[in-house]
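Any read-out appearing in this document is the output of simple, stated calculations on the displayed coordinates, not a laboratory observation. Predicted, not measured: the structure shown is a model, and the values here were computed from it. A quick note on method: Cβ atoms are made from the backbone with ideal geometry, for glycine too, and the neighbour counts reach across all protein chains shown.
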Amino acid sequence: EPEVTQTPSHQVTQMGQEVILRCVPISNHLYFYWYRQILGQKVEFLVSFYNNEISEKSEIFDDQFSVERPDGSNFTLKIRSTKLEDSAMYFCASSPDRVGETQYFGPGTRLLVL
Amino acid sequence: EDKVVQSPLSLVVHEGDTVTLNCSYEVTNFRSLLWYKQEKKAPTFLFMLTSSGIEKKSGRLSSILDKKELFSILNITATQTGDSAVYLCAVAYGGATNKLIFGTGTLLAVQP
């Protein structure tokens, strides 16, 4: 069964460093999402992406964040200058279509900023 | 403010018990309500509900949506230790895409 994959599974970085989190969505899906879950808190929406551009973004998704689909398979989240409070589990999700379709989640990347 | 509230926050039961997990919501431009099971990492899809009163079933799990009262329940019958997980309720709503707003989850622990 097709699934969303994410790499790396864990990343430890120093404050101020740039990180790139990678995702390979399910191949025939058209909508891509990033969510994050700070330890012990809710899963929070960051950004949605369709047709090579951002469709929506939350207040969390400030200028430090960017997303890209550099080729036909990968979908990346870049954090330009990490802060301690960026430590979280980052989930990528994809769905076949916008209206009423299920989002399927990847296994997540655990980011720890020291 | 859009929100999704789940109850109880946690639940401890014995194998064979039946449990009911609750999810209420207040969102603008509701599209669908989804239930996920989160064990160690990724939320795993269980159900998507869009219409009131139509029960969805998968094995021992079932779920129903009430769009008038703005809530959903997830039932698990004859619980097993493998059902131990956090159960997340999420609502797809508003805007240009189906962004999800999640509840805090219900932590279910099934003891042998």
Just one listed residue, out of B:Thr97, B:Thr104, B:Thr79, is within 15 Å of the chain's Cα centre (by Cα) and in a loop (DSSP other than H, G, I, E, B), and it is B:Thr104
Within segment A:62-77, restricting to residues that are under 11 Å from the mean Cα position of the chain (by Cα) and without any contact (Cβ under 8 Å) to a residue 24 or more places away in the chain, the one that is farthest from A:Glu18 (Cα to Cα) is A:Glu68
Matching residues in segment B:62-82 (away from every other protein chain (no Cβ under 14 Å) and surrounded by 20 or more Cβ atoms within 10 Å (Cβ to Cβ)) number 4
Listed by range, strands (runs of 3 or more DSSP E) wholly within segment A:34-110 having at least 3 residues that are closer than 18 Å to B:Leu100 by Cα and more than 14 Å from chain B (Cβ to nearest Cβ) are none
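Out of A:Arg22, A:Arg80, A:Arg36, report the one residue that is within 20 Å of B:Gly95 (Cβ to Cβ), among the charged types (D, E, K, R), in contact (Cβ under 8 Å) with a residue 12 or more places away in the chain and out of contact with any helix residue (DSSP H, G or I) (no Cβ under 6 Å at 6 or more places or on another chain).
Answer to the selection: A:Arg36.
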Restrict the check to segment B:14-27 and report whether at least one residue is surrounded by fewer than 18 Cβ atoms within 10 Å (Cβ to Cβ) and within 14 Å of chain A (Cβ to nearest Cβ). yes
Every listed condition ((1) within 11 Å of chain A (Cβ to nearest Cβ); (2) closer than 23 Å to A:Leu39 by Cα) holds for B:Leu9 save (1)
